[in-house]
Amino acid sequence: MEYTVQKLGRLAGISTRTLRYYDEIDLLKPLRVNTSGYRIYGQAEVDLLQQILFYRELGLPLEEIKSIVTSPSFDGRQALQTHHKQLLAKRKQLDLLIHTVEHTIAQQEGRMTMTDQQKFEGFKQEMIAENERKYGEEIRAKYGEKRVDRANLALLNMTPEQHEAHERLNAELNETLAQAVAAGDPASELAQRAADLHRQWLSGYWGQYTKEAHAGVARMYVEDERFTAYYDKDQPGTAQFLRDAILIYTGVTDNA
C-alpha cells in the first residue's frame with residue numbers, strides 16, 4: 001500500500017511537517033514524488049518510519065538514528081528485537097519508579113517505613129537503563145554479561161553515602177583531567193593522577209580491576225564516537241588524551 005505524506009502522518013500520529021523534515025535531512029525519503037509534486041511512501045518507507053519512531057521513543061537524537069538506519073549493516077529484524085528488549089527495560093523502570101512513589105506516599109502517611117537506599121532505587125535503575133540503552137550492547141559484547149551485571153548490581157547496592165563519595169570522585173576526575181588536557185602531556189604527573197582517579201572510579205563498579213580491561217575501556221572512548229562526543233564536549237581531544245594517559249598508566253601497549 002502507498003501513502004501520501006498526509007495519510008502517512010495520520011497513520012503514524014506525526015505531523016506532515018515532521019515527515020518533510022525527515023526527507024530534508026535524508027532520514028526518510030519518499031518512494032517517489034508523483035507528477036503533482038506529492039511525496040509517495042511505500043511499504044519499505046512505512047517500516048523504516050516505524051523504526052525511526054521506536055528510536056525516538058527511546059530518546060535517541062535524529063543524527064544518531066540516521067547513522068544507525070543508514071548503515072550498510074543495519075538489520076531491521078534485529079533492531080526490532082533490540083527495541084523490544086529496551087522497551088521492556090523501560091517498562092520495568094517505570095514500574096519501579098511508580099513503586100517508589102507509592103511507597104514514599106505510604107511512608108509520608110505513616111503506613112510504612114523506607115530506608116534511604118530504597119528511596120533512590122528507582123533513580124539508580126533509571127541510570128542503569130539509560131546506560132544500557134546507549135552502550136549496553138557494545139559493553140556486554142566487549143566485557144561479558146557477568147561483568148556488566150556485576151557493575152549494575154554494585155550501583156544498585158550503593159548506599160547514599162557511597163554514591164555521594166563516588167560522585168565526588170567523578171568530579172575530581174573531571175577537574176583533574178581537564179587540567180591535564182590543557183597542559184597537553186598524557187605522561188605528566190597530573191595526567192597520571194587523572195588515570196589513577198579513573199581507575200578508582202571504575203573500581204567502584206567493577207570490584208575486580210585489571211590493567212587490560214582498563215586499557216580496553218580507554219580504547220573504547222576513542223573507537224566509539226558516542227563516548228568520544230561525551231568526553232570531547234567541553235575540550236576536544238579529551239577522549240584521546242585520556243586513552244593515552246591510561247595506556248601509559250597501565251603499561252598496556254596500544255596494539256595489545
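Ligands, DNA and RNA are left out, and with a 1.4 angstrom probe the accessible area of region 163-243 is 50 Å² per residue.
Computed over neighbours whose Cβ is under 14 Å from that of residue 50, the net charge equals -1, Lys and Arg +1, Asp and Glu -1.
Which of 29/146; 7/233; 7/92; 211/233; 92/211 have a Cα-Cα distance over 31 Å?
Among 29/146; 7/233; 7/92; 211/233; 92/211, the Cα-Cα distance tops 31 Å for 29/146; 7/233; 7/92; 92/211.
Using θ = phi - 60° and the Karplus form 6.51 cos²θ - 1.76 cosθ + 1.60, what ³J(HN,Hα) does each residue of region 34-41 get, whole Hz, x for Gly and Pro? Coupling constants for region 34-41: 6, 5, 8, x, 8, 6, 10, 10 Hz. For region 4-13, 3J(HN,Hα) computed residue by residue from phi via the Karplus equation (6.51, -1.76, 1.60; θ = phi - 60°) reads 7, 5, 5, 5, 5, x, 5, 4, 8, x Hz, glycine and proline entered as x. Looking at region 171-256, the trypsin sites (Lys or Arg not before Pro) that sit in a DSSP loop and have at most 16 other Cβ atoms within 10 Å of their own Cβ are 233. The simple spin-label model puts a point 7 Å past each Cα toward its Cβ; for residue 79 and residue 108 those points are separated by 4.2 nm.
The values are calculated or read from the model by the stated rules, or taken from the named source; none is laboratory data. Not measured: the values here are computed from a predicted model. Positions of Cβ are generated from backbone atoms using ideal geometry, with glycine treated the same way; all protein chains shown enter the neighbour counts. Surface accessibility is based on the protein's heavy atoms, side chains included, excluding ligands, DNA and RNA. Shrake-Rupley method; radii C 1.70, N 1.55, O 1.52, S 1.80 Å.
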